[in-house]
Amino acid sequence: MDFFKLNAVSKTWAAVFVAGLVFSNYYLYSTTNSKLESYKSEPPFLRFDFTDSYLVDRSSQAPYLADGNLDTEWRKLRPSSMKVDFDLELRLSHRLKSGSYVPTNWKGLKVIACSKNTPPLSLKVLEREAINVDKESRLPDDTEYSSILLDFSGSETAIVYLKKDAGSVPQKDYPNGIWIWAVQGIFQNIGPDSCIKDIQLFE
């Protein structure tokens, strides 16, 4: 009798194990597949703070420069190790729709400072080559779109207008004809007033 009970318990645990394995594999497949579809439409972008200001204040982080949250801030609290303080990739020039990449009508970008006491910011707007990571592993090429000195003394928000004609790109031709809007910025001053709340593209 004990043998039959033991056999039944073993079968139950085996069934539970198989069901758990099937469920976990399905969950992994469905979440990975949705992330891959999201990646095709809006790949993850790089954000670098070459000052490493978070070492002075943990609330000053590179992702805060373009996280869409005006409650977070980035401040230049240390000198930069590069020629610029930060390098941000913002958004793709195109969006994937119905099997082709359609240009997004980005009209410009907003640079939102923390206050009118924020010193001038030298900003470069770049068209960064979109790389097919499956085929290439190299640094992307940058084309400078514009270079401007932003003055926040009159307003905490500075606008840089964008005008770039682009055509639709079949999905199979990615990344030809597609680029990433990116920015590089530098403050001459170091201190809590050298502060940015957010950098946003707008349509």
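The values are calculated or read from the model by the stated rules, or taken from the named source; none is laboratory data. Note that the structure is predicted; figures quoted are calculated from it, not measured. Positions of Cβ are generated from backbone atoms using ideal geometry, with glycine treated the same way; all protein chains shown enter the neighbour counts. Accessible surface areas use protein heavy atoms only, side chains included; no ligands, DNA or RNA. Shrake-Rupley method; radii C 1.70, N 1.55, O 1.52, S 1.80 Å.
Tell me the per residue accessible area of segment 51-166 using a 1.4 Å probe; a whole number in Å² is fine.
Counting only protein heavy atoms, the per-residue value for segment 51-166 is 55 Å².
Could you list, bin by bin from short to long, the percent of Cα-Cα pairs of segment 75-135 in 10 Å steps?
Using 10 Å bins, I get a P(r) of 14, 38, 28, 16, 4 for segment 75-135.
Any idea what Rg and Dmax come out to for segment 47-192 if you just take the C-alpha atoms, in Å?
My reading of the Cα-based Rg and Dmax gives 16.6, 48 Å.
Roughly how many debye, to the nearest 20, is the charge dipole of segment 72-203 about its Cα centre, given +1 on each Lys and Arg Cβ, -1 on each Asp and Glu Cβ, and no other charges?
200 debye
Quick one: of 83/110; 83/172; 97/164; 110/163; 76/110, which pairs are farther than 26 Å apart, Cα to Cα?
Correct reply: 83/172.
State the percentage of accessible surface on segment 68-203 attributable to carbon and sulfur atoms; use a 1.4 Å probe and exclude ligands, DNA and RNA.
Within segment 68-203, the accessible surface is 46 percent carbon and sulfur.
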